[in-house]
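First up is the structure itself, then whatever we jot down about it.
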Amino acid sequence: MTTQRPRPERFTEAPDPGRFHQEPPVERRSTATAALAALALLLLVIGVPVALLLLTGAPPFPHGWPSREDLTAPIGVDAVLTVLRAVVWLAWLHFTCCVLAEFVSAVRGRGVPRAIPLGGGSQRLARVLVGALLLTGIAAGQAGAVTAGVGVPVTPKSSVSISAGTQADKPATEQRIDLDRFTPQESGKVTSKDPLAGKKVYVVKAPHGHRHDSLWDIADKHLGDGRRYKEIYELNKERVQPDGRHLHLARLIQPGWTLIMPEDATGVERQPVESAPTPVRTADPRPVDSPQPGVDAPDIEQTGGSGADGAGGSGHQTPTGGGEHQPAGDNGHQDSRWRLPNDLLGGGLVAAGILGLLLTERYRRRGRDPEPAAAVAEVALRVGSDPARSEALDRALRGLVGQCDAAEVPLPPLFAAAVDDYAIELLLAPARTDAPAPWQALDDGRRWRLERSDVAADATGPAPYPALVCLGRDQHERDVLVDLEAAGGALSVRGDSVVAREVATSVAVQLATNPWGDLLQVTTSGLPESVGEVLADRLRVVPDIDAVLPDFEQGESTAEVLSGRVTRSADAAPQYVVLGAPPDEDAGRRLAVLAARPRAGFGLMVAGEVPGARWQLQVDESGTLLIPALGLVLSASRLSEPTVELVTELLAAARATTRLPSESGSRVRVPATGSAGDDSNWVTAAVRVGVLGTVEVRSPNAIDAERWPLATEIVTFLALHPGGVHPSVLGASVWPRGVTSEVRDLAVERVRQWLGVDSQGGHQLRLDPNGRLYLGPEVAVDWDCFCDLVRRSRTARTIRDERELLRRGLHLVRGPFLSGRPRGGYSWIARVHLERVVPDLVVDTAHRLFELTLGDDDPAGAVSAARAGLRLASGSDLLWRDLLQAEHRYGGVAAAEAVVEALGERVVRHGLVLSPETEALIEELWPAGASRSRHVS
């Protein structure tokens with residue numbers, strides 16, 4: 001279901017610099033070709049004028065200005081022949097100029113010559129003939145250039161890059177990472193951490209005016225011949241650039257990219273080879289602790305945990321086994337546990353709808369942990385989704401209703417839309433020029449455009465176009481959507497039957513999960529049966545479409561539904577049918593009749609050939625989708641059957657009803673964390689990592705603003721993996737689409753410099769003897785401090801001490817876990833399950849403090865405890881009950897009524913599911929609100 005683009009294999013070993021070594025190209029001159037080229041040039045350059053002189057005489061030169069009689073005289077055969085002779089002579093002269101220009105350029109090696117006016121085909125023909133004639137000279141020059149660039153063998157710098165293979169089984173001295181960067185060093189040998197070291201490198205410049213850097217221009221300027229751009233391309237293709245992207249099309253380069261140049265390039269600097277000191281091993285000032293009995297060292301898949309009263313290790317815990325999953329196995333092949341579903345990675349709007357539904361379901365109730373394979377699919381969802389575009393389109397369409405109403409104009413006749421990071425465009429038929437502000441009417445009203453900055457932030461009107469579905473992304477990275485209702489007939493997806501079915505599956509799931517659809521019903525047949533589990537109240541799967549056709553025909557309405565939809569009329573709920581295979585002739589005819597009327601609340605898409613379909617889409621096995629009606633070629637949005645199974649497992653896990661241990665009288669386990677420390681450490685630490693609220697990293701050193709988000713994510717990842725992680729795991733987690741060891745190492749080095757050193761002179765970011773990255777003991781993490789206080793509270797000698805420790809722990813809770821993190825980042829959070837573990841422990845802690853304070857007749861303290869827990873776990877049914885009881889004890893019925901009102905708003909806004917216990921408590925404490933409680937639930 002994704003926009004599919006070629007990308008390098010993910011989580012494999014980074015390419016070695018030695019891959020740029022290549023043999024000099026061998027160009028062989030064809031004697032026959034050269035002879036034919038010479039003969040052709042002789043005939044055209046010399047033979048043509050000789051023939052003209054022999055047959056027609058000298059060229060016709062005018063001897064004066066034509067007289068009036070000459071201009072008005074009849075045109076005879078002689079005049080026509082004279083004109084033809086002049087044309088032939090001029091054509092010969094023009095071609096000869098082209099040959100001379102190409103000859104001079106080829107001999108002097110000055111690249112492409114200036115274009116001869118009106119050259120066109122003549123100059124191309126001259127270039128081919130001259131090139132064939134002079135092939136030996138040209139080939140020799142270029143071969144020499146390539147040989148100079150790659151003739152020196154490139155020695156892989158084994159001390160530079162981190163191997164993506166499993167490192168736990170290798171001695172630390174054999175791992176391909178410079179372990180000594182994190183320890184004090186003395187002078188010594190020459191090494192380099194930079195894969196570009198010793199090479200000539202060109203940095204792509206930012207656009208200046210209308211001029212953009214291109215490989216041709218770079219080759220022409222620095223190699224003397226634009227046609228040598230292919231050499232630059234071959235040296236740099238598929239090499240990951242500083243922004244994480246790579247060169248896979250010669251015409252697509254980005255500012256800031258570094259390009260390795262051939263050795264004969266002029267005007268570019270050679271990357272210096274750093275002089276690195278010889279490493280001197282020094283002992284870590286902090287001893288390495290082994291895991292304590294009963295405490296499992298956390299790893300990438302593990303939430304970590306001790307027993308209910310498990311002791312947390314002080315300092316870094318060095319795992320003794322291979323508990324941490326590596327991105328690649330010993331054989332270098334990618335571990336299947338790290339392979340992300342391709343159809344979710346670039347899902348854009350489709351993935352955004354699924355992810356939004358998943359997060360909503362998780363907010364509504366306490367579910368269970370999904371299966372590991374489904375957790376990998378969630379990583380892909382978080383990476384590939386584009387919720388910003390989805391929300392902008394939803395608000396723009398809902399806001400359009402009010403804007404049209406204010407301008408007293410009807411809603412536009414939309415049939416397609418395009419969304420990118422800058423604007424939203426609606427395609428209309430027929431055209432309308434009366435676009436309400438801030439929309440702009442373009443192309444005589446055939447397009448309405450709204451800048452993303454003008455999208456209303458509080459648009460909450462009805463959804464006027466629920467049938468808009470995304471078919472894929474075009475070459476300009478725009479999501480292209482079509483309106484099934486506006487088609488006035490079926491949309492047929494022809495071509496590869498498997499891919500067409502995946503496109504239809506994507507459309508069905510979109511209709512059920514897109515935020516810009518309110519009241520609708522989707523019926524599918526011939527698609528994966530698990531599609532119906534995505535959202536059962538909107539999406540149903542039937543074995544035979546014939547069985548439900550009478551229902552559609554009985555509910556047929558001839559009235560246009562746009563007016564009913566904007567008034568939220570339940571009778572205007574549209575029906576959409578998505579089929580995985582063409583129906584039989586009778587069913588097809590009946591469906592065509594239902595879909596024939598635009599805006600009648602019915603839409604039809606069929607994977608396969610449908611006679612008479614209004615829109616004929618074509619898709620091939622690679623996922624390239626052609627929309628002839630729009631003249632667009634897209635990378636199709638798709639959902640394969642295995643991916644649907646993973647998505648439904650995620651949703652099933654979120655919808656499962658489980659009870660918190662606190663509700664049955666037991667306690668939530670305290671997971672194993674990093675270095676011991678409480679809130680006093682948090683207050684005084686020089687380097688702090690906050691996750692219990694808005695994610696933040698505080699350090700005494702500065703870092704570039706544009707590098708701060710990535711550096712913060714790296715530090716946060718390490719902070720939540722106190723057992724340490726191999727660099728390959730860090731790369732696979734923070735860069736889920738893939739990254740080279742060079743780019744990863746540079747990022748880690750920047751983070752090391754940013755965090756600085758501790759009071760003992762050791763780096764805050766370190767490597768243990770097993771090659772795992774970890775944070776030093778003086779880095780304070782609020783989650784670690786919280787766990788330490790809760791752990792100590794469970795062994796407190798008095799109730800008063802326990803209350804104080806719990807209160808101090810809850811004081812560290814500032815808001816939802818890891819809130820404020822950038823969208824698309826932190827996708828690794830799906831693997832470690834902390835979004836479930838952290839709220840559980842916070843709720844358990846707040847509930848325990850509530851019980852202690854209420855038992856001591858301190859309702860105000862009980863209110864503070866419940867509200868502190870709700871800061872992070874605002875959907876906790878247990879804490880809402882605690883707050884309701886505490887407020888009733890502290891402020892009476894009025895205070896309880898305010899709590900019920902606030903709870904009701906969350907139920908309406910987020911669909912929070914109230915338990916029977918909460919409903920019964922409301923009826924008990926506030927009998928007058930019993931009916932409202934039942935209505936809210």
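Please verify whether residue 368 is out of contact with any Gly (no Cβ under 9 Å at 6 or more places or on another chain) and of a type in the set (Lys, Arg), treating the condition exactly as stated.
yes
Which pairs have Cβ atoms under 6 Å, sit 6 or more apart or on different chains, and link a residue in segment 493-519 that is under 18 Å from residue 583 (Cα atoms) to one that is among the basic types (Lys, Arg)?
If the second residue must be among the basic types (Lys, Arg), the pairs left are 502/638; 503/638.
Identify, by number, the condition in (1) closer than 26 Å to residue 418 by Cβ; (2) in contact with a strand residue (DSSP E or B) (Cβ under 8 Å, 6 or more places away or on another chain) that residue 638 doesn't meet.
(2)
Considering 49, 15, 113, which residue is at negative phi, surrounded by 13 or more Cβ atoms within 10 Å (Cβ to Cβ) and at pLDDT 75 or above?
So the residue among 49, 15, 113 that is at negative phi, surrounded by 13 or more Cβ atoms within 10 Å (Cβ to Cβ) and at pLDDT 75 or above is 49.
Would it be correct to say that residue 863 is outside any helix (DSSP H, G or I) and touching a residue at least 12 places away in the same chain (Cβ under 8 Å)?
Details: outside any helix (DSSP H, G or I): no; touching a residue at least 12 places away in the same chain (Cβ under 8 Å): yes.
When the stated conditions are applied, residue 863 does not pass them.
Report, by residue number, each residue of segment 864-906 that is closer than 19 Å to residue 812 by Cα and either among the basic types (Lys, Arg) or in contact with a Lys or Arg (Cβ under 6 Å, 6 or more places away or on another chain) (or both).
Hits for segment 864-906 are 867, 871.
With the requirement that a residue be among the β-branched types (Val, Ile, Thr) and over 31 Å from the mean Cα position of the chain (by Cα), what does segment 795-843 give you?
795, 798, 799, 842, 843
Looking at (1) farther than 21 Å from residue 368 by Cα; (2) assigned to a helix (DSSP H, G or I), which is the only condition residue 880 fails?
Residue 880 satisfies all of (1) farther than 21 Å from residue 368 by Cα; (2) assigned to a helix (DSSP H, G or I) except (1).
Hey, could you check segment 500-520 for residues that are among the charged types (D, E, K, R) and assigned to a helix (DSSP H, G or I) and say which is surrounded by the fewest Cβ atoms within 10 Å (Cβ to Cβ)?
My answer is 501.
With the checklist (1) surrounded by 15 or more Cβ atoms within 10 Å (Cβ to Cβ); (2) at pLDDT below 80; (3) under 16 Å from residue 197 (Cα atoms) in hand, flag the one item residue 257 doesn't pass.
Just one mismatch for residue 257, condition (2).
Kindly provide the set of residues from segment 588-640 that are more than 19 Å from residue 544 (Cβ to Cβ), aliphatic (A, V, I, L, M) and in contact with an Asp or Glu (Cβ under 9 Å, 6 or more places away or on another chain), ordered by number.
600, 619, 626, 632, 633, 634, 636, 639, listed by residue number.
Scanning for something under 23 Å from residue 868 (Cα atoms), basic (Lys, Arg) and in contact (Cβ under 8 Å) with a residue 40 or more places away in the chain, does segment 697-718 turn up at least one residue?
no
Being under 30 Å from residue 869 (Cβ atoms), assigned to a helix (DSSP H, G or I) and small (Gly, Ala, Ser): is that true of residue 728 here? Talk me through it step by step, then tell me what you get.
Working: under 30 Å from residue 869 (Cβ atoms): no; assigned to a helix (DSSP H, G or I): yes; small (Gly, Ala, Ser): yes.
Against the criterion (under 30 Å from residue 869 (Cβ atoms), assigned to a helix (DSSP H, G or I) and small (Gly, Ala, Ser)), residue 728 does not qualify.
Given the criterion under 12 Å from the mean Cα position of the chain (by Cα) and under 30 Å from residue 915 (Cα atoms), identify the matching residue among 388, 375, 352, 380.
Step by step, each of 388, 375, 352, 380 is checked, and only 352 is under 12 Å from the mean Cα position of the chain (by Cα) and under 30 Å from residue 915 (Cα atoms).
With a cut-off of at least 2 residues that are at pLDDT 90 or above and of a type in the set (Val, Ile, Thr), name the strands (runs of 3 or more DSSP E) lying wholly within segment 448-497.
479-483
Could you list all residues from segment 381-399 that are in a helix (DSSP H, G or I) and touching a Gly at 6+ places or on another chain (Cβ under 8 Å)?
Those that are in a helix (DSSP H, G or I) and touching a Gly at 6+ places or on another chain (Cβ under 8 Å): 381, 382, 383, 384, 387, 389, 390, 398, 399.
On the basis of being surrounded by 19 or more Cβ atoms within 10 Å (Cβ to Cβ) and either part of a helix (DSSP H, G or I) or aromatic (Phe, Trp, Tyr) (or both), does residue 842 make the cut?
Details: surrounded by 19 or more Cβ atoms within 10 Å (Cβ to Cβ): yes; either part of a helix (DSSP H, G or I) or aromatic (Phe, Trp, Tyr) (or both): yes.
Here the answer is yes, as residue 842 does meet what is asked.
What number goes with the only condition from (1) modelled with pLDDT of 75 or more; (2) surrounded by 10 or more Cβ atoms within 10 Å (Cβ to Cβ) that residue 58 does not pass?
All conditions are met except number (2).
In this structure, does residue 437 turn out to be at pLDDT below 90 and either under 29 Å from residue 609 (Cβ atoms) or surrounded by fewer than 16 Cβ atoms within 10 Å (Cβ to Cβ) (or both)? Step through it out loud before you land on a result.
Numbers: at pLDDT below 90: no; either under 29 Å from residue 609 (Cβ atoms) or surrounded by fewer than 16 Cβ atoms within 10 Å (Cβ to Cβ) (or both): yes.
Taking the combined requirement at face value, the residue does not satisfy it.
Condition check ((1) in contact with a Pro (Cβ under 8 Å, 6 or more places away or on another chain); (2) surrounded by 18 or more Cβ atoms within 10 Å (Cβ to Cβ); (3) modelled with pLDDT of 80 or more; (4) part of a strand (DSSP E or B)) across all residues:
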| position | (1), (2), (3), (4) |
| --- | --- |
| 205 | yes, no, yes, no |
| 220 | no, yes, yes, no |
| 227 | no, no, no, no |
| 233 | no, yes, yes, no |
| 285 | no, no, no, no |
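Just to verify a result, which residue in segment 884-896, among those that are surrounded by fewer than 20 Cβ atoms within 10 Å (Cβ to Cβ) and touching a residue at least 24 places away in the same chain (Cβ under 8 Å), is farthest from residue 851 (Cα to Cα)?
From segment 884-896, those surrounded by fewer than 20 Cβ atoms within 10 Å (Cβ to Cβ) are 889-895; that's our starting set.
Add one more test, that the residue is touching a residue at least 24 places away in the same chain (Cβ under 8 Å), and what stays is 889-890, 893.
Values: 889: 13, 890: 14, 893: 20 Å.
Here the residue is 893.
Sort out for me the helices (runs of 4 or more DSSP H) sitting completely within segment 732-835 that have 1 or more residues that are over 30 Å from residue 346 (Cβ atoms) and in contact (Cβ under 8 Å) with a residue 24 or more places away in the chain.
741-755, 782-793, 799-811
The values are calculated or read from the model by the stated rules, or taken from the named source; none is laboratory data. Nothing here was measured: the structure is a model prediction, and the numbers come from that model. So basically every Cβ, Gly included, is an ideal-geometry build from the backbone, and we count neighbours across all protein chains shown.
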